[in-house]
Amino acid sequence: MTLLLRTQNLSAFYGDFQALFGIDVEIGQGETVAIIGANGAGKTTFLRAVAGALAAPPEAVMFEGRAIGGMAPHDIVRLGIAMVPEGRRLFQSLSVEENLLLGSHSERNGPWSLRRVYELFPRLRELRRLPAPSLSGGQQQMAAIGRALMSNPRLLLCDELSLGLAPVVIRDIYQCLGAITAEGTTVVLVEQDINRALDASARFYCFQEGRLALAAPTKNFDRAALTAAYFGM
Ligand SMILES: Nc1ncnc2c1ncn2[C@@H]1O[C@H](COP(=O)(O)OP(=O)(O)OP(=O)(O)O)[C@@H](O)[C@H]1O
Ligand SMILES: [Mg+2]
């Protein structure tokens, strides 16, 4: 396995409050890995620290062998890390297509373009001139994924893709993940929907109160160990 992302003793703070404690995670090129954990476990904080939204010592986040902890978010996008944030975060005053084009500012080369994003999500092509708020939740999620893909990331960080969406919509979105990983993109999935996340990934990490509580493959793992790691019982 060629290592793509590695965190080493990664801690994160909001002011005086410590949200992450010495997280060590290794993610290989081409893998799809889930991060699960109860509310407040630190999953979003972890993604934000990797994406440069929180301070971190440089060596705490290694990407393709380069120390990137604490680098500016736009520089991290340029290196090939993109985030689909919790709650989609589309620019409400912009059209769908304008939102997608915002993702291409990093000017990275790669397989993804407007045309390819519209092939992946044909509905978005039909809706491309509409303002983002006129889309359904599922369509907004597709636009948020599309925007992240427009930067041609090597690593795609997905925060709660399924949140607030109907099961049939969630299934559609997860089916599209296959097309994304087929391009060689590595994916980190943070999910409330544990079964969905485990189905889509080969390995998982479980966080508990800011600490790494369990790392295991998604096949034949110990359910009791997961329950203990998840709930702290
Ligand atoms: N902006 C912030 N300021 C202060 N504390 C924060 C902030 N964001 C998160 N926290 C705290 O940091 C801890 C980790 O939060 P985080 O959002 O990373 O958890 P999470 O695992 O993503 O939870 P959820 O499943 O609810 O999304 C929580 O105790 C939370 O209250
Ligand atoms: Mg979260």
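Just the residues that are surrounded by fewer than 22 Cβ atoms within 10 Å (Cβ to Cβ) and not small (G, A, S), please, taken from segment 5-18.
R6, Q8, N9, F13, Y14, D16, F17, Q18
Mind counting the residues in segment 42-82 that are within 16 Å of ligand 1 (Cβ to nearest atom) and on the phi > 0 side of the Ramachandran plot?
Of the residues in that region, 2 qualify.
With (1) closer than 29 Å to S104 by Cα; (2) within 18 Å of the chain's Cα centre (by Cα); (3) among the small types (G, A, S) as the list, and A56 as the residue in question, which single condition is left unmet?
With (1) closer than 29 Å to S104 by Cα; (2) within 18 Å of the chain's Cα centre (by Cα); (3) among the small types (G, A, S) applied to A56, the lone miss is (2).
Residues checked against (1) more than 29 Å from F13 (Cβ to Cβ); (2) aliphatic (A, V, I, L, M); (3) modelled with pLDDT of 95 or more; (4) touching a Phe, Trp or Tyr at 6+ places or on another chain (Cβ under 8 Å):
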position	(1), (2), (3), (4)
A72	no, yes, yes, no
G80	no, no, yes, yes
S93	yes, no, no, no
E97	yes, no, yes, no
E107	yes, no, no, no
Y118	yes, no, yes, no
L130	yes, yes, yes, no
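For A49, indicate whether it is within 16 Å of ligand 2 (Cβ to nearest atom), more than 22 Å from I180 (Cβ to Cβ), in a helix (DSSP H, G or I) and at pLDDT 95 or above.
Working: within 16 Å of ligand 2 (Cβ to nearest atom): yes; more than 22 Å from I180 (Cβ to Cβ): yes; in a helix (DSSP H, G or I): yes; at pLDDT 95 or above: yes.
The answer is yes for A49.
Exactly one of (1) farther than 16 Å from A38 by Cβ; (2) in contact (Cβ under 8 Å) with a residue 12 or more places away in the chain is unmet by Q175. Its number?
(2)
Conditions first: (1) within 18 Å of the chain's Cα centre (by Cα); (2) buried (at least 22 other Cβ atoms within 10 Å of the Cβ); (3) hydrophobic (A, V, I, L, M, F, W, C); (4) farther than 19 Å from V187 by Cβ. A38 passes all but one, so which condition is the exception?
Among (1) within 18 Å of the chain's Cα centre (by Cα); (2) buried (at least 22 other Cβ atoms within 10 Å of the Cβ); (3) hydrophobic (A, V, I, L, M, F, W, C); (4) farther than 19 Å from V187 by Cβ, the lone unmet condition for A38 is (2).
Within segment 121-233, considering only helices (runs of 4 or more DSSP H) that don't extend past its boundaries, which have at least 2 residues that are β-branched (V, I, T) and surrounded by fewer than 18 Cβ atoms within 10 Å (Cβ to Cβ)?
So the answer is 167-181.
Could you grab the pairs with beta carbons closer than 7 Å, sequence gap of 6+ or different chains, first residue in segment 147-160 and farther than 16 Å from T181 by Cβ, second one within 16 Å of ligand 2 (Cβ to nearest atom) and among the polar types (S, T, N, Q)?
D159/T44; E160/Q192
Is it the case that segment 25-41 has a residue that's modelled with pLDDT of 95 or more, under 23 Å from R147 (Cβ atoms), in contact with a helix residue (DSSP H, G or I) (Cβ under 7 Å, 6 or more places away or on another chain) and within 16 Å of ligand 1 (Cβ to nearest atom)?
yes
The rows are residues; the columns are (1) assigned to a loop (DSSP other than H, G, I, E, B); (2) under 19 Å from the mean Cα position of the chain (by Cα); (3) surrounded by fewer than 17 Cβ atoms within 10 Å (Cβ to Cβ).
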site	(1), (2), (3)
L20	no, yes, no
H74	no, yes, yes
G87	yes, yes, yes
S104	no, yes, no
W112	yes, yes, no
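Which residues, taken from segment 43-59, are surrounded by fewer than 24 Cβ atoms within 10 Å (Cβ to Cβ) and either under 16 Å from C158 (Cβ atoms) or of a type in the set (D, E, K, R) (or both)?
If the condition is that a residue be surrounded by fewer than 24 Cβ atoms within 10 Å (Cβ to Cβ) and either under 16 Å from C158 (Cβ atoms) or of a type in the set (D, E, K, R) (or both), then T44, T45, L47, R48, A51, A53, E59 are the ones that fit.
The values are calculated or read from the model by the stated rules, or taken from the named source; none is laboratory data. This one's a predicted model, so the numbers in the text were calculated from it and none came from an experiment. In this analysis, Cβ positions are derived from the backbone assuming ideal geometry, glycine residues included, and neighbour counts consider all displayed protein chains.
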